[in-house]
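Novice: Provided herewith is a single structure, encoded as structure tokens, for subsequent inquiry.
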Amino acid sequence: MALRIWASSTANALKLSTATRPHFSPLSRCFSSVLDGFKYANSHEWVKHERSLATIGITDHAQDHLGEVVFVDLPETGGSVTKATGFGAVESVKATSDINSPISGEIVEVNSKLSETPGLINSSPYEDGWMIKVKPSNPSELESLMGAKEYTKFCEEEDAAH
Amino acid sequence: MIVASYSCLSYLIPPWPIRSNSGRRNTSRRAAVSQITSAESNPLVQQTNIRRCNCYDMYKEVIPFSEAWSWQKSIVEKRKTLIDINEDCSDTLIVLQHQPVYTLGTASSENNLNFDIKDPPLPLYQTERGGEVTYHGPGQLLLYPIMNLRFQKMDLHWYMRALEEVVIRVLSSTFSLKASRVDGLTGVWVGDKKLAAIGIRVSKWLTYHGLALNVSTDLSPFSRIIPCGIKDRGVGSIKELLRESNGLSSTSGYHDDNDDDGKLIDIAHESLLKEFCEVFQLELCHQSVSILRSPDK
């Protein structure tokens with residue numbers, strides 16, 4: 001009985017049918033893009049390594065699950081990042097989430113457009129929504145990240161489990 | 001590692017398949033057990049896979065915001081270490097009231113303050129949670145769940161809706177108040193009045209900050225802010241709504257007002273813990289609050 005009430009009230013709030021198990025993540029997660037040539041962390045950040053510079057952002061899958069990003073908190077240029085440690089935050093749905101760096105290094109550039117237009121993360125997660133550019137201190141860390149196919153499979157498994 | 005004496009309260013929690021089986025627990029093995037008040041009297045407790053939640057329950061105490069914030073951050077750091085070595089065995093819940101304070105979220109705008117941010121009428125804290133400015137004060141119950149969403153559902157939207165569900169059930173089942181969600185406006189509403197505000201921070205799927213429910217709160221400090229950035233709706237409390245539905249004006253006083261407020265808080269608190277356990281499928285284990293206060297935690 002409790003289950004039906006919960007499902008019904010939630011479904012009404014979200015205009016979903018109660019015939020299936022309610023879930024709140026949009027179906028479009030099945031079609032999140034994953035780009036070849038990028039590397040991916042299991043916390044849903046991407047890295048594009050070109051020559052001696054690595055650009056970092058969050059993936060299409062991540063922004064899709066977050067919903068509309070209303071605020072991005074990024075570090076200053078000249079600071080450093082450490083693999084698997086938070087370097088900033090994104091806010092959506094009254095929840096602010098850490099962003100973790102996939103690699104370690106020195107921050108050489110920060111995307112200043114994101115403070116005015118945080119929605120770039122939603123509309124262009126791999127291009128205009130890039131967050132920081134880093135000079136990697138340990139390029140071998142890139143080897144332990146996932147490639148496009150592996151990351152796609154990781155997302156599918158993660159979504160299927162929940 | 002925190003070790004202390006505790007008493008376990010286990011609530012009857014029927015299987016709730018909306019949160020899918022993450023593989024870490026098997027809901028089909030969950031037995032229907034009677035509500036118990038002590039772990040040792042029912043051997044079935046150990047056989048269920050309900051996740052444990054350490055509860056620091058100070059619901060009658062009025063705690064400074066900075067102190068509670070510091071406790072949360074300390075617990076979060078410890079839990080992250082446990083998560084990294086796959087030994088995060090229990091969630092955490094802190095329940096309390098706050099001394100009067102305004103708090104801001106990461107993106108909070110000064111435009112939502114009806115005072116100079118450099119000269120606030122009450123202590124003002126810029127926090128790392130999401131959401132806009134809000135007020136906390138006596139008569140308002142705060143729930144700070146520190147939840148590993150890997151054991152729930154790794155979905156922030158789901159988590160926010162689940163927190164709202166806890167309050168909606170409390171208001172409905174205990175106070176017969178018809179509460180609802182509003183599309184796009186996180187929180188719990190009765191009519192156009194917001195009774196509960198929610199704002200959280202997530203780090204590696206570990207949540208903190210949480211929800212605030214107005215029970216018998218003095219709502220006047222809300223007039224110095226645009227609560228949660230919402231201009232065309234108001235803020236309410238359980239006490240105010242119960243008075244309205246009983247045909248009492250907001251100014252009709254009774255000499256035992258404090259007693260009534262105390263009872264409302266007691267009832268709301270009990271219902272909040274019950275519904276929290278049910279929605280999140282948790283077993284509360286009450287911890288001594290001296291653990292939080294001792295320097296060597």
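Novice: Kirkwood Rh over alpha-carbon pairs of the stretch B:88-162, then Stokes-Einstein at 4 °C and 1.567 mPa s: what D in µm² s⁻¹, rounded to an integer?
Specialist: Calculated translational D: 90 µm²/s.
Novice: Let me ask something additional. Set Lys and Arg Cβ to +1 and Asp and Glu Cβ to -1, take the dipole of the stretch B:87-173 about its Cα centre, and tell me which of B:S108, B:P121, B:H157 lies farthest positive.
Specialist: Working it through, the farthest residue towards the positive pole turns out to be B:H157.
Novice: Do the alpha carbons of any pairs in B:K73/B:K178; B:K194/B:K263; A:K83/A:K153 sit beyond 27 Å of each other, and which pairs?
Specialist: As for pairs spanning more than 27 Å Cα to Cα, those are B:K73/B:K178.
Novice: List, largest first, the extents of the alpha carbons of the stretch B:194-233 along their principal axes, each in whole Å.
Specialist: Principal axes ranked by extent give 37, 22, 14 Å for the Cα atoms.
Novice: Also: If you filter the stretch B:102-138 for chymotrypsin sites (Phe, Trp or Tyr not before Pro), then keep DSSP loop positions with at most 15 other Cβ within 10 Å, what is left?
Specialist: Passing both the DSSP loop test and the Cβ count: B:F115.
Novice: Just checking the output field for B:159-170: average partner chain Cβ neighbours within 10 Å of each residue's Cβ?
Specialist: Across the residues of B:159-170, the mean count of other-chain Cβ atoms within 10 Å is 3.
Novice: How long, wide and thick is the stretch B:43-292, going by the Cα atoms along their three principal axes, in whole angstroms, largest first?
Specialist: 54, 44, 38
Novice: Would you mind estimating how fast the stretch B:95-218 diffuses translationally, via Stokes-Einstein at 4 °C and 1.567 mPa s with the Kirkwood radius over Cα pairs, in µm²/s?
Specialist: 85
Novice: Please order B:K118, A:K149 by the number of other Cβ within 10 Å, starting at the fewest.
Specialist: B:K118, A:K149
Novice: Using Cα-Cα distances under 8 Å and only pairs 6 or more residues apart, what relative contact order does the stretch B:97-223 have, in percent?
Specialist: Normalised by residue count, the contact order of the stretch B:97-223 is 28 percent.
Novice: Then there is this: Could you pull out which residues in the stretch A:90-118 have an amide N less than 15 Å from a spot 7 Å beyond the Cα of B:N111, following the Cα-Cβ vector?
Specialist: Correct set: A:116-118.
Novice: Using only atoms on other chains, find how many Cβ atoms lie within 10 Å of each Cβ of peptide B:102-108 and report the average.
Specialist: 4
Rule-based calculations on the coordinates, nothing more; no lab input. Source: prediction; values computed, not measured. With ideal geometry, Cβ positions are generated from the backbone for all residues, glycine too; neighbour counts draw on all protein chains shown.
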